[in-house]
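J.: Can you read through this structure? Questions will come right after.
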Amino acid sequence: MVWITSMGLAVGLTMIVFLLGMIVYNGLEVFWPKPVVRLELKEGSTAGVNNAPAFGGEIVKTQAKAVQALAADGSPLPSQREYQLFVGNKDVYGFGYKFIDNAKIVSESRPPGVVVAERLEYGNAIFIPKQFTLADGSTVAADDSGFQSTFERLVKAGNERRAEIRRIERDQIGDLNRKFDSIRLARRAIEARGGEPTPADREKLAEFDATTTALQAEYEMLAAKARELRALQDANHIVYTTLDGAERTLPTGDLIGFYHPNTLSLPQKAGLFTHRFWSFLSREPREANTEGGIFPAIFGTFVMTLLMSMAVTPFGVLAAIYLREYAKQGVFVRSVRIAVNNLAGVPSIVFGVFGLGFLVYFMGGTIDRLFYSLSLPTPTFGTGGVLWASLTLALMTVPVVIVATEEALSAVSRGTREGSLACGASKWQTIQSIVLPASLPGILTGLILAMARGAGEVAPLMLVGVVKLAPTLPLDTIYPFVHFERKFMHLGFHIYDLGFQSPDSEAAKPMVFATTFLLILLVVCLNLGAILIRNYLRKKYRSSTF
Amino acid sequence: MTNFEEEIRALKDEILAMASHAETAVSRALRAVVERDIDLARTVREDDTVLDQLEIKIDDTAIHLLAMAPVAFDLRLITVAMKISQNLERVGDEACNMAKRITDLAGEPEVAADTAIPQMAKLAINMLHESISAFVGRDPALARRIIPSDKEVDAINRELHRALSSFIAEDPGKITRCLALMAISKSLERVADHATNIAEEVVYLYEGQDIRHVKNLKG
Amino acid sequence: MPAANTMPDLRAIRPPEQSTPSSGPADAAPTSFDPAYIKIRDFNFFYGTNKVLHDLTLDIAERHVTAFIGPSGCGKSTLLRNLNRMNDLVDGIRHLGDILVNGHSIYDPLLEVIALRKRIGMVFQKSNPFPKSVYENVVYSLRVAGRSRKSELDEVVERSLRGAALWDEVKDRLSDSAFSLSGGQMQRLCIARAIANRPEILLMDEPCSALDPLATAKIEELIHDLKREFTIVIVTHNMQQAARVSDHTAFFYLGKLIEYADTKLIFTNPSNPQTEAYVSGRFG
């Protein structure tokens, strides 16, 4: 009998390990720098790009050919192979990936001078640099000794300037826009009151006008500065040839980073891998989420899960305390318990619809009418946001917390409770000082389960506040610091969006795996944190052994 | 029957055996004195060791039972048994003492007061017998009835003592014999005392009342 | 003269105590011990329709140890738990008659049960320290009563632990978890906790039944000391313990009070044959 049970366990474990392993491998493999090959094609072959005799790219996949050729006698030839190459340079070719039949390749080489460059638009470029054309008209040729250092200097300068531009535009100009906005709302408030403006009003309006003019002047100055910097970004250019021979020019301000794929040593590759993985985690997305990082999605998932936990814990715990400790155990309590358990089985999209109808439209609409009427018809809370999403998911996961808390409460022995009551404590004092602290490990278990379920649900979120691309984070340094009405990005939704709605599915594939990997990592980290806290609490409140 | 109850039964049997031995010892000692039977006197003295051994055995059984922490009746029974055995052993000693006097009495002419001795002995032996019967028969009333007889025995002893004293004053040649008779009389008086003690213990056992040293009961 | 007595005189006579009346055969009528601190009067107790205590009337003397003995299911624990109204936690209970502590009925509707329980300490059969430190266990009653001044709490901790004969053993580990103590120590901790708030009455429900003889002996010794300050009622299955520890003993059977007298009398000469049979170990 033992081997049947152990086999069951082994099968389950194998499936999990295989699934995780596949995700981890595919997810991380994206970041490992791969060599770039240059393929010389057979004479007159049209298999390459733009009918060029050669081209190149990173080998992404090697597989058996889809369509097998037949020998003269009709029997299938031995399996042929084909490569899938990432050729980059989408601005030149119009696509990023290409299949090439190995039979059509004459020779393969790895030119050492090849550069892979990350840039602002059209994804990575793969090329052999020719020269730099600087603002003052001078050139630095590729074979020049100072070429490498110039390359690095220019790219670094470009990155710094870009950060500066962003600071001006997003932060400072954004600040001005907010001030404009608040003046606008104040003006509307006065107008909304209707009737003749009082002298006090007139004074205020005059003040607004003065402030507006000042702000406008400041805006002009900042915009001019931004324009200046942008011009500088376009000052220098790099000239290069792609592996199929086409020559292109690119302003150095568009370059984010570069490396030489064929000359990297192992430590350098590891360093690059770490760097790319880190920028994936910390940067913002570009190019319809197919390029760049996914930091906003990570942050949004984290914030939403946190808010959901903060919402679900008090509701769940208090409900469980009432059901278990205070309510008279009878038909009513039993039916409430059944209802709560059934709630756990309701499909999550139903919660999404409920969240939309009740939370977003009804409650959000009411809040808008009461507090944000000046902004209408633009909804503030009357549309999806991180608050409503968290509350919807909290509602979905509350049964789990209630059940786990009830179990934990009933596990506190009767003797302990009686001891407390015999000391002259009231029921609530007993619950507060003895029962609840001892139940904390169990409650945390419930919370862990709730977080795991909530962090993974995507369907309801689509209705109540998740977007493909959010311009701002729900938590930032601007008062009131937590912005409950903002829409946010979510890792789960990101995966769905990349996988099914991106224009270039091949480009998105590595991102899908990487994002999946990150989502699993995030949930594992959240759970680990809660498990560690629970273990600590268990040791603290462990029961007697006799 | 539990182990405890079996041991209690054994204790009671040992008390009965000891009582019967003690009674026999006193009767024999008296007969030896009256009939001047030296051999019988020697038998009495030799048989006293049986009583000594029985006292040790009963104490041992009692201690063993006490270790089982008995309460109430069982506790009283065991402590009373130990006291009874002590008293019975002393009865045996008194019988020995009586038997020893026979050498002083042998060959000497009879004294008129000799008749008082058998009368005392009869009373004392009867008291002993009745007190043990009260123990066996769970009859504290019987035990209470015995107690006044002690006064009677005391009276006879005092009377005999006075008579013997005047005999000695009249005829100093009879002094050995008279002193021996006084000793025998004393012994019988003590046997009656021990029987009274046993009766008091029996009353305590069955009524739970401690009637020792209460003057009015003895009349 | 008789030979020297080699056996100790087992019937040691104690001069009769002034507070106890005749030691003659007592009937089931209440023996009144003055001053009676707890008066139970015609007390009947029901679990739903099931009557478990019948017409109980007895007085419990102040600053004495009273033992409740009887076979399983006789109601002794039920009666004990009624003294601090712990039975209120069970649904469907009902009572007739009254229980008075120091002249006041404990069922007075104006009396808060919590206030009653603060004046009565309870020690349970299975020791139930809280999952907190030793210090926090002892001061729990004070904290729930709202007293939290550290100097006061420190003083109470030392006094209570000394009173429970536990201070020397735990004074260096007051902040350790209560579960790091041995079984006997845990029960003494529960006793310390029960006496911390200086209650008038201490109720003990078979406090030593889960302990080894050494720990039991320590606690019995403790009870001897405690009775100078507290009125103690102890429920026990152990005849010898009742005989060793208590001043008065009440024997219950099937929810009725069969006999109630001086402990000495109950164990040397009980008047009721049922009592005799029970204490001699012949039933129950």
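J.: Of the conditions (1) within 20 Å of A:Val312 (Cβ to Cβ); (2) in a helix (DSSP H, G or I), A:Gly384 fails just one. Which one is it?
T.: Only one criterion in (1) within 20 Å of A:Val312 (Cβ to Cβ); (2) in a helix (DSSP H, G or I) is unmet by A:Gly384, namely (2).
Residues checked against (1) among the acidic types (Asp, Glu); (2) within 13 Å of chain A (Cβ to nearest Cβ):
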{"site": "C:Glu62", "(1), (2)": "yes, no"}
{"site": "C:Val65", "(1), (2)": "no, no"}
{"site": "C:Arg85", "(1), (2)": "no, yes"}
{"site": "C:Gly103", "(1), (2)": "no, no"}
{"site": "C:Phe130", "(1), (2)": "no, yes"}
{"site": "C:Val134", "(1), (2)": "no, no"}
{"site": "C:Val139", "(1), (2)": "no, yes"}
{"site": "C:Glu155", "(1), (2)": "yes, no"}
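J.: Tell me, which helices (runs of 4 or more DSSP H) wholly within the stretch B:130-212 include 1 or more residues that are at pLDDT 90 or above and of a type in the set (Asp, Glu)?
T.: B:149-170, B:175-207
J.: Now a separate question. If C:Gln241 passes every condition in (1) within 11 Å of another protein chain (Cβ to nearest Cβ); (2) out of contact with any Cys (no Cβ under 7 Å at 6 or more places or on another chain) but one, which one does it miss?
T.: Answer for C:Gln241: the failing condition is (2).
J.: Looking at the stretch A:292-313, can you tell me whether even one residue there is exposed (fewer than 14 other Cβ atoms within 10 Å of the Cβ), part of a helix (DSSP H, G or I) and of a type outside the set (Val, Ile, Thr)?
T.: Residues of the stretch A:292-313 that are exposed (fewer than 14 other Cβ atoms within 10 Å of the Cβ), as a first pass: A:310.
Imposing the further condition that a residue be part of a helix (DSSP H, G or I) reduces the set to A:310.
Checking the rest, the ones that are also of a type outside the set (Val, Ile, Thr) come to A:310.
Yes, the stretch A:292-313 has at least one match.
Quick grid of which residues meet (1) of a type in the set (Phe, Trp, Tyr); (2) exposed (fewer than 11 other Cβ atoms within 10 Å of the Cβ); (3) within 33 Å of the chain's Cα centre (by Cα); (4) modelled with pLDDT of 85 or more:
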residue	(1), (2), (3), (4)
A:Ile183	no, no, no, yes
A:Ala186	no, no, no, no
A:Gly194	no, yes, no, no
A:Leu205	no, no, no, no
A:Ala210	no, yes, no, yes
A:Leu222	no, no, yes, yes
A:Ile238	no, no, yes, yes
A:Leu250	no, no, yes, yes
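J.: Looking at B:Leu188, B:Leu164, B:Leu181 in this structure, which one is away from chain C (no Cβ under 14 Å), of a type in the set (A, V, I, L, M) and within 24 Å of B:Ala17 (Cα to Cα)? Steps first, please.
T.: Values: B:Leu164 fails: within 24 Å of B:Ala17 (Cα to Cα); B:Leu181 fails: within 24 Å of B:Ala17 (Cα to Cα).
Step by step, each of B:Leu188, B:Leu164, B:Leu181 is checked, and only B:Leu188 is away from chain C (no Cβ under 14 Å), of a type in the set (A, V, I, L, M) and within 24 Å of B:Ala17 (Cα to Cα).
J.: Among the residues of the stretch A:277-291, which ones are outside any strand (DSSP E or B) and not hydroxyl-bearing (Ser, Thr, Tyr)? Walk me through it before giving the result.
T.: Let us first name the residues in the stretch A:277-291 that are outside any strand (DSSP E or B), namely A:277-284, A:287-290.
The answer is A:Phe277, A:Trp278, A:Phe280, A:Leu281, A:Arg283, A:Glu284, A:Glu287, A:Ala288, A:Asn289.
J.: Would a scan of the stretch A:193-203 turn up a residue that is assigned to a helix (DSSP H, G or I), of a type outside the set (Asp, Glu) and touching a helix residue (DSSP H, G or I) at 6+ places or on another chain (Cβ under 7 Å)?
T.: Taking the stretch A:193-203 first, the residues assigned to a helix (DSSP H, G or I) are A:193, A:199-203.
Pick out the ones that are also of a type outside the set (Asp, Glu) and you get A:193, A:199-200, A:202.
Now narrow it down to the ones that are touching a helix residue (DSSP H, G or I) at 6+ places or on another chain (Cβ under 7 Å): none.
For the stretch A:193-203, residues assigned to a helix (DSSP H, G or I), of a type outside the set (Asp, Glu) and touching a helix residue (DSSP H, G or I) at 6+ places or on another chain (Cβ under 7 Å): absent.
Quick grid of which residues meet (1) free of Cβ contacts under 8 Å to residues at least 60 places away in the same chain; (2) small (Gly, Ala, Ser); (3) closer than 17 Å to A:Thr392 by Cα:
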position	(1), (2), (3)
A:Glu457	no, no, yes
A:Pro460	no, no, yes
A:Lys468	no, no, no
A:Pro480	yes, no, no
A:Glu485	no, no, yes
A:Gln501	yes, no, no
A:Glu506	no, no, no
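J.: Residues A:Ala514, A:Ala530: which one is among the small types (Gly, Ala, Ser), more than 30 Å from C:Ser177 (Cα to Cα), touching a residue at least 12 places away in the same chain (Cβ under 8 Å) and away from every other protein chain (no Cβ under 14 Å)? Break it down into steps so the answer makes sense when it comes.
T.: Numbers: A:Ala530 fails: more than 30 Å from C:Ser177 (Cα to Cα).
None of the other options fit; the residue is A:Ala514.
J.: Assigned to a helix (DSSP H, G or I), under 30 Å from A:Ala135 (Cα atoms) and of a type outside the set (A, V, I, L, M) - does that describe any residue in the stretch A:204-218? Write out each step before concluding.
T.: From the stretch A:204-218, those assigned to a helix (DSSP H, G or I) are A:204-218; that's our starting set.
Then keep just the ones that are under 30 Å from A:Ala135 (Cα atoms); that gives A:218.
Checking the rest, the ones that are also of a type outside the set (A, V, I, L, M) come to A:218.
Yes, some residue in the stretch A:204-218 is assigned to a helix (DSSP H, G or I), under 30 Å from A:Ala135 (Cα atoms) and of a type outside the set (A, V, I, L, M).
J.: Within the bounds of the stretch C:159-174, is there any residue that is within 9 Å of chain A (Cβ to nearest Cβ) and of a type in the set (Phe, Trp, Tyr)? Explain how you work it out, then say what you get.
T.: At the first step, the residues of the stretch C:159-174 found to be within 9 Å of chain A (Cβ to nearest Cβ) are none.
Checked the stretch C:159-174: no residue is within 9 Å of chain A (Cβ to nearest Cβ) and of a type in the set (Phe, Trp, Tyr).
J.: Further, regarding this structure: Could you list, in sequence order, all residues of the stretch C:57-83 that are assigned to a strand (DSSP E or B), of a type in the set (Gly, Ala, Ser) and surrounded by fewer than 24 Cβ atoms within 10 Å (Cβ to Cβ)? Please lay out each step first, then the result.
T.: Our first condition is that a residue be assigned to a strand (DSSP E or B); within the stretch C:57-83, this holds for C:57-61, C:65-69.
Going one step further and asking which of them are of a type in the set (Gly, Ala, Ser), we end up with C:61, C:67.
The one that is assigned to a strand (DSSP E or B), of a type in the set (Gly, Ala, Ser) and surrounded by fewer than 24 Cβ atoms within 10 Å (Cβ to Cβ): C:Ala61.
J.: Could you tell me which numbered condition C:Leu110 fails, if it satisfies all but one of (1) crowded, with 20+ Cβ neighbours inside 10 Å; (2) of a type in the set (A, V, I, L, M); (3) away from chain A (no Cβ under 14 Å)?
T.: (1)
J.: Only one residue in C:Leu161, C:Leu96 is of a type in the set (A, V, I, L, M), surrounded by fewer than 21 Cβ atoms within 10 Å (Cβ to Cβ) and at pLDDT 90 or above. Which one? Full working, then the answer.
T.: On the way: C:Leu161 fails: surrounded by fewer than 21 Cβ atoms within 10 Å (Cβ to Cβ).
Exactly one of C:Leu161, C:Leu96 is of a type in the set (A, V, I, L, M), surrounded by fewer than 21 Cβ atoms within 10 Å (Cβ to Cβ) and at pLDDT 90 or above, namely C:Leu96.
J.: Kindly list the number of the only condition in (1) over 17 Å from the mean Cα position of the chain (by Cα); (2) within 19 Å of B:Arg90 (Cα to Cα) that fails for B:Leu30.
T.: (1) is the only condition that B:Leu30 fails.
J.: Can I ask one more? Could you list, in sequence order, all residues of the stretch A:116-141 that are surrounded by fewer than 20 Cβ atoms within 10 Å (Cβ to Cβ), of a type in the set (A, V, I, L, M, F, W, C) and closer than 23 Å to A:Met511 by Cβ?
T.: A:Leu120
J.: Condition test on A:Thr392, is it assigned to a helix (DSSP H, G or I) and touching a residue at least 60 places away in the same chain (Cβ under 8 Å)?
T.: So A:Thr392 fits the description; yes.
J.: Still on this structure, I have one more. Within the bounds of the stretch C:181-194, is there any residue that is away from chain A (no Cβ under 13 Å) and under 24 Å from C:Arg147 (Cα atoms)? Show your work before the answer.
T.: Within the stretch C:181-194, the subset away from chain A (no Cβ under 13 Å) is C:188.
Narrowing the set further to residues that are under 24 Å from C:Arg147 (Cα atoms) leaves C:188.
So far as the stretch C:181-194 goes, yes, one or more of its residues are away from chain A (no Cβ under 13 Å) and under 24 Å from C:Arg147 (Cα atoms).
J.: From the list C:Thr268, C:Thr263, which one is within 14 Å of another protein chain (Cβ to nearest Cβ), in contact with a Leu (Cβ under 7 Å, 6 or more places away or on another chain) and either surrounded by fewer than 19 Cβ atoms within 10 Å (Cβ to Cβ) or over 23 Å from C:Ala164 (Cβ atoms) (or both)?
T.: On the way: C:Thr263 fails: in contact with a Leu (Cβ under 7 Å, 6 or more places away or on another chain).
Only one candidate qualifies: C:Thr268.
J.: Here is a further query. Within the stretch A:393-413, track down each residue that is more than 9 Å from chain C (Cβ to nearest Cβ) and not hydrophobic (A, V, I, L, M, F, W, C).
T.: A:Thr397, A:Pro399, A:Thr405, A:Glu406, A:Glu407, A:Ser410 - these are the residues of the stretch A:393-413 that are more than 9 Å from chain C (Cβ to nearest Cβ) and not hydrophobic (A, V, I, L, M, F, W, C).
J.: Filter the stretch A:411-435 for residues that are in a helix (DSSP H, G or I) and touching a residue at least 24 places away in the same chain (Cβ under 8 Å) and give the result. Step through it out loud before you land on a result.
T.: In the first step, residues of the stretch A:411-435 are kept if they are in a helix (DSSP H, G or I); the result is A:411, A:414-422, A:427-435.
Of everything in the stretch A:411-435, those that are in a helix (DSSP H, G or I) and touching a residue at least 24 places away in the same chain (Cβ under 8 Å) turn out to be A:Ala411, A:Lys427, A:Ile431, A:Val435.
J.: If you don't mind, another one. Mind checking whether some residue in the stretch B:55-78 is in contact (Cβ under 8 Å) with a residue 24 or more places away in the chain, more than 9 Å from chain C (Cβ to nearest Cβ), under 15 Å from the mean Cα position of the chain (by Cα) and on the phi < 0 side of the Ramachandran plot?
T.: Yes: one or more hits.
J.: Within the stretch A:458-478, identify whether any single residue is crowded, with 20+ Cβ neighbours inside 10 Å and under 30 Å from C:Ala192 (Cβ atoms), and answer yes or no.
T.: The answer is no; no qualifying residue exists.
J.: Further, regarding this structure: Could you say whether any residue in the stretch B:81-103 is basic (Lys, Arg), within 25 Å of B:Glu200 (Cα to Cα), within 14 Å of chain C (Cβ to nearest Cβ) and over 20 Å from the mean Cα position of the chain (by Cα)? Even if it seems obvious, please write down each step before you answer.
T.: Looking only at the stretch B:81-103, we keep the residues that are basic (Lys, Arg), and these are B:83, B:90, B:100-101.
Restricting the remaining residues to those that are within 25 Å of B:Glu200 (Cα to Cα) gives B:83, B:90.
Among the residues that remain, those that are also within 14 Å of chain C (Cβ to nearest Cβ) are: B:83, B:90.
The next check asks that each one be over 20 Å from the mean Cα position of the chain (by Cα); those that pass are none.
There is no residue in the stretch B:81-103 that is basic (Lys, Arg), within 25 Å of B:Glu200 (Cα to Cα), within 14 Å of chain C (Cβ to nearest Cβ) and over 20 Å from the mean Cα position of the chain (by Cα).
J.: Another question, then. Within the bounds of the stretch A:463-475, is there any residue that is among the charged types (D, E, K, R) and modelled with pLDDT of 85 or more?
T.: Among the residues of the stretch A:463-475, at least one is among the charged types (D, E, K, R) and modelled with pLDDT of 85 or more, which makes the answer yes.
The values are calculated or read from the model by the stated rules, or taken from the named source; none is laboratory data. Only a predicted model underlies this, so the values are computations on that prediction, with no experimental measurement involved. All Cβ positions, glycine included, derive from the backbone under ideal geometry; neighbour counts span all protein chains shown.
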